[in-house]
Amino acid sequence: SGNRLGVSRARKLFMNTRVDKVHEVAVNERAGPKERFSGAYAADGSELGVVEGITGKSLNDMRREVQLEAAKGLNKWDRKALEAKRLQQLGAKAEKGIRIPATIGVGMWRANEKREEQKRLEQFEAGGRLEKKKRGLRKAD
């Protein structure tokens, strides 16, 4: 049951008015000591135990390192988008784009619509579902 897993205790801790209790790990005090098991199995079928010393913080650090290493292989636009997402998560304002004249912007918009339509049809030809055309992108719609 959910109570056995400490779900109700975790809910109470999370909804607590004291901030230090919110991030406390819920433990079911009534449950006896158990053998630690990660829930994963090796290729030969034996149970894999819990790796000691790895915390959520160290896992996040490892994820960040992997993400930074992988960003080196991205093209300029994807790398810029990833950097913007990272800055947004840190609370920075989004970078403003340059002002494009209306005559150029309309042409870019039409080219983008044509590209999206080609992508939609290409996905359909590859065996995907034919999605509806997007509406409401133009002010006239």
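Observations on the structure shown:
- Residue within segment 75-85 that is farther than 30 Å from Lys132 by Cα, over 26 Å from the mean Cα position of the chain (by Cα), modelled with pLDDT of 70 or more and open to solvent by 90 Å² or more (accessible area, probe 1.4 Å) present: no
- Checking Leu130, Leu87 one by one, the residue that is part of a loop (DSSP other than H, G, I, E, B) and either in contact with a Pro (Cβ under 8 Å, 6 or more places away or on another chain) or not polar (S, T, N, Q) (or both) is Leu130 and no other.
- Beta carbons closer than 7 Å, at least 6 apart along the sequence or on distinct chains, pair a first residue in segment 93-122 that is free of Cβ contacts under 8 Å to residues at least 40 places away in the same chain with a second that is open to solvent by less than 70 Å² (accessible area, probe 1.4 Å) for Ala94/Ala84; Glu95/Ala84.
- Here Gly127 meets the list (1) within 21 Å of the chain's Cα centre (by Cα); (2) at pLDDT 80 or above; (3) open to solvent by less than 70 Å² (accessible area, probe 1.4 Å); (4) not basic (Lys, Arg) almost entirely, failing just condition (1).
- Boolean, Gly49 is at pLDDT below 70 and open to solvent by less than 100 Å² (accessible area, probe 1.4 Å): yes
The values are calculated or read from the model by the stated rules, or taken from the named source; none is laboratory data. Treat the numbers as computed from the prediction; the structure is a model and nothing was measured. Reconstructed Cβ throughout: ideal geometry from the backbone, glycine too, with neighbour counts over all protein chains shown. In case anyone asks, the SASA skips ligands and DNA or RNA and just uses the protein heavy atoms, side chains included. Shrake-Rupley method; radii C 1.70, N 1.55, O 1.52, S 1.80 Å.
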